[in-house]
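Step one of this worksheet: look at the structure below.
The values are calculated or read from the model by the stated rules, or taken from the named source; none is laboratory data. On a predicted model such as this, the values are computed, not experimentally measured, just so you know. Every residue, glycine as well, gets a Cβ built from its backbone with ideal geometry; the counts of neighbours run over all protein chains shown.
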Amino acid sequence: MKTFFDYLHRIIGSKSFSYQDRSANKDSNIATAVDIDDAIGVAVDSDDYERSISKAGINLITSFEDLKLDAYDDGTGTWTIGFGTTVYPDGIRVQQGDHCTVEQAKSFFQHDLRRFQKAVNKAVLVTLSQNQFDALVSLSYNIGQNAFKNSTLLKYLNTEDYQAAADQFLVWNKGGGQILKGLVRRREVERTLFLK
């Protein structure tokens, strides 16, 4: 079975892209394209005792986080690259003018997925289905670890009020204080998956 990134590579082709690397000596901390294909083909790296996002969860995130090889302002003043990466694996924030290759975007995505999986695994104290886990990783990937950790959604979830937690997805529909159609749609899809 083909991985998502095999499909992505087939669509994009093997174009080469430029990359301005502000931290050339830190490239060794970034996984290779082979690593991400192997890891995401099954599941993103995680400890054996932790739940991992499924291929369906990865597809959910990438259906809303378009691949961008040039850094762009996400509308709230946050510079973003790849599949929604705002901070590189070496801790440096994405900046205006940054570029990456498809392989680097996949590596950043793998790193981000690992971070958000770990955040959800650590914060959630109740039993989850795979769909619920995938929806929560997608949400935290979009709103950030701290917002997720301090959310009313998590408080409801950890008291086993799954319905109230599901309804809280819909609250996270704003960017820069404005309701955004894309976020409304994403939250509806995540909520539906969570309740499935």
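Quick notes
- Put simply, of Lys155, Lys118, Lys122 the only residue that is basic (Lys, Arg), in a helix (DSSP H, G or I) and in contact (Cβ under 8 Å) with a residue 24 or more places away in the chain is Lys118.
- Filter result for Gln132 (within 19 Å of Leu183 (Cα to Cα), in a helix (DSSP H, G or I), out of contact with any strand residue (DSSP E or B) (no Cβ under 7 Å at 6 or more places or on another chain) and in contact (Cβ under 8 Å) with a residue 24 or more places away in the chain): yes
- On the stretch given as the range 158-175, residues that are outside any loop (DSSP other than H, G, I, E, B) and either of a type in the set (Gly, Ala, Ser) or at pLDDT 95 or above (or both) total 11.
- Complete set of residues in the range 47-90 that are modelled with pLDDT of 95 or more and at positive phi: Gly82, Gly84
- Close Cβ contacts (under 7 Å, 6 or more residues apart or on different chains) running from residues in the range 158-169 that are in contact (Cβ under 8 Å) with a residue 60 or more places away in the chain and within 15 Å of Val120 (Cβ to Cβ) to residues that are assigned to a helix (DSSP H, G or I) and not aliphatic (A, V, I, L, M) are absent.
- Taking the criterion of being crowded, with 17+ Cβ neighbours inside 10 Å and touching a Gly at 6+ places or on another chain (Cβ under 8 Å), the only residue of the range 156-192 that qualifies is Leu183.
- One residue stands out among those in the range 86-100 that are among the charged types (D, E, K, R) and assigned to a loop (DSSP other than H, G, I, E, B): the one that is surrounded by the fewest Cβ atoms within 10 Å (Cβ to Cβ), which is Asp90.
- Restricting the range 101-116 to residues that are surrounded by fewer than 24 Cβ atoms within 10 Å (Cβ to Cβ) and basic (Lys, Arg), the residue that is farthest from Asn59 (Cα to Cα) is Arg115.
- Residue in the range 176-185 that is modelled with pLDDT of 95 or more and not in a helix (DSSP H, G or I) present: no
- The listed residues are Thr86, Thr101, Thr76, and the only one of them that is out of contact with any strand residue (DSSP E or B) (no Cβ under 6 Å at 6 or more places or on another chain) and of a type in the set (S, T, N, Q) turns out to be Thr101.
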